[in-house]
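Only one structure is covered here, and it is reproduced in the block below.
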């Protein structure tokens, strides 16, 4: 029978409990016995005619749209040809750059010089990365941060990884921040970059409310650099300030009708394992921790070592009698547990974490049989061939997004407006995220679009991901007449005031105010990673040299110096990022970052949407 000839009973309105529902019935020429919902009652009790709906025809086919249709509509197409000459050229240039970065990573992973490592092991001590391997849950990753910090910073001195290893690890199912001194690097003493890296790890712990585990094996401040590590606000003393403020909670009640709780310090647990010397100010690290473990005959805690005690007081005393494990565990009470060796101490540390009563990770590291998200449709290994190493060449943002997000599904927002900034919603490792990716210079329209999109994510509690490849905002007379300064400021303001977690990956250039509008380091991203091809500077070297020449400051070596300072190795060595990562690993780094920022205790303490801004989204 043809579909058009199928007979269906007419639709009738039924009024039940003040709600209107559809039913099918055969009228058979009779009027319904219930009051008509299409008649309004006036105060005098008379029914007045109300507008009747248009007569709807009987439906002959289902009109339900499955969820899969929306996802299929949002799948990004593949515009990449790996066999093309530009792709092959980009991939070759990027491979050479990546090989150099990988070689440096391998070198710093060894730690200090071979002589220092051999002496360290002969004392019965584990190397720093071996300690971390024994600490973390088996089969789970250790996400190291700023591994190339200190590389080439101090002339004539090698400071691999800045003399300290920091990162994220899962211990007893709990995501933790690990801070581990490497005593094979200058005795584990603190250079300025060591202090900066330690403080950055504490900031990550505070922002994401993660327990801290300190593996202490340090000689304290590096004395030749004392002027740069001791007295200032962000110097050595700030470590202990952060410890004190991380371990307490204070709440401030609002005088408004609804109670607003502002948590200034989140009661972050801190566990110290003293595995070597802990001298001078460094003695405060275990002393200010929640629980402290010390290794017998190896760990020592004292404000002044035997040589200084002798010089100051004339007293002759051994390291063990002055601040050994037995003294502090049995007499002074500075430490809580005495371990026989490194391995025993790390087992005790794991036990301490298990007793924190802290939320555990929702699931173990995903495997092909347990993960609940889809991998990208297109191979992330194609990313180097897409971006290349030439900052002058355009990089299609959607081709990057398609190889980072789950299932290559991207719900783009305002795709036809402000097209030099790509915005939209996606998932990474199952976590919803709002993405802003540069696809050209920032014009006024792109700036307004970005500010609008950030407001949407802020109101909805969706974390933000910025994919930076930006040379800056548009300049010129036409741009100024169009209000580029005002509109760019709206984007910068939106980025600055957004309270949802923010993450930044520099996939190309990061120059000028574009760095600010796309959530550079100063704008508080929870994590900021760079790709090997990234370049960061106030402007291009050629433009900067031209500006200086125009004001009469000609410098033959300036352009070359700026080129060097914009390279990714220069920035990561000085702690401008949280590490240089391989493009194909980007989604995995972001997956961990999203998990630690959105899960665990953060899920329990997340601010309700009702506590967000009390106004709607200002359309730009």
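Where a number appears in this text, it was derived from the coordinates with a stated rule and is not lab data. This is a predicted model, so every value here is computed, not measured. Cβ coordinates were reconstructed from backbone atoms using ideal geometry, including for glycine residues, and neighbour counts include every protein chain displayed.
Annotations for the structure displayed:
- Ranked by the mean number of other Cβ atoms within 10 Å per residue, highest first, peptides 298-309, 91-102 order as 298-309, 91-102.
- Rounded to 5, the percent of DSSP beta bridges in segment 380-611 classed as antiparallel: 40 percent
- Residues 275, 518 arranged by fewest to most Cβ contacts within 10 Å: 518, 275
- Packing-based exposure ordering (other Cβ within 10 Å, fewest first) of 336, 406: 336, 406
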